[in-house]
Amino acid sequence: MSLSKVELKNKLKKMGIKTEGNYIRTKDLEKFIKADSFMKPEIYQGEAYEVDGSGGITVVPFDLVGDLGLVVGESMDEDDESFKLAAAALKDFVEGEIWRIELSEGWLARLSAPGYMDSTEWSIYDSKQEAEEELKIMYGDDTEES
């Protein structure tokens with residue numbers, strides 16, 4: 001949903017943010033973005049595949065693809081017999097070529113827009129506290145646990 005210029009100016013005014021023509025001071029814009037944020041943290045404990053490839057490392061929650069024949073802490077690469085099948089199962093979640101797959105356990109975290117498909121990439125952490133802190137560092141300190 002987008003706002004017209006008039007609706008946006010009225011919303012900003014109600015929030016105590018002054019505008020000059022079409023300009024907003026940076027600190028006021030940051031205040032507006034935080035207050036108007038619709039992205040909410042999604043944090044849970046579980047297993048995930050850490051997929052290393054040409055697009056970097058991508059975290060894919062276990063429940064999205066299911067069992068690929070690994071136990072926590074185990075990995076596979078092109079030399080493993082079942083690698084091609086595992087890579088095929090992950091290809092829709094990973095950009096580029098897949099080189100290595102590892103199953104990890106920890107706290108999975110991302111920001112997600114409830115009711116929308118918008119979300120950040122998944123990350124995996126050793127503790128819930130670390131996951132919460134990293135989301136705040138990466139995306140701002142206005143997040144509330146869901």
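The values are calculated or read from the model by the stated rules, or taken from the named source; none is laboratory data. In this text the structure is predicted, and so the values were computed from the model without any measurement. Glycine gets a Cβ as well: all are built from the backbone with ideal geometry, and neighbour counts include every protein chain shown.
Data table
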quantity	calculated
Some residue of segment 86-94 being touching an Asp or Glu at 6+ places or on another chain (Cβ under 6 Å), surrounded by fewer than 16 Cβ atoms within 10 Å (Cβ to Cβ) and closer than 26 Å to residue 135 by Cα	no
Condition met for residue 64 (surrounded by 15 or more Cβ atoms within 10 Å (Cβ to Cβ), free of Cβ contacts under 8 Å to residues at least 40 places away in the same chain and either in the same structural domain as residue 109 (by TED's automatic domain parsing) or not aliphatic (A, V, I, L, M) (or both))	no
Residue 29 vs. criteria assigned by TED's automatic domain parsing to the domain that holds residue 114 and either at pLDDT below 95 or part of a loop (DSSP other than H, G, I, E, B) (or both)	no
Members of segment 54-79 found to be touching a Leu at 6+ places or on another chain (Cβ under 9 Å) and on the phi > 0 side of the Ramachandran plot, listed by number	69, 73
Any chance residue 121 is at pLDDT below 95, outside the structural domain of residue 44 (by TED's automatic domain parsing), closer than 15 Å to residue 42 by Cα and in contact with a strand residue (DSSP E or B) (Cβ under 8 Å, 6 or more places away or on another chain)	no
Segment 44-61, residues that are polar (S, T, N, Q) and surrounded by fewer than 14 Cβ atoms within 10 Å (Cβ to Cβ)	45, 54
Cβ-Cβ under 7 Å pairs, at least 6 apart or on other chains, segment 71-100 side more than 12 Å from residue 58 (Cβ to Cβ), far side of a type outside the set (Phe, Trp, Tyr) and in a helix (DSSP H, G or I)	76/86; 89/65
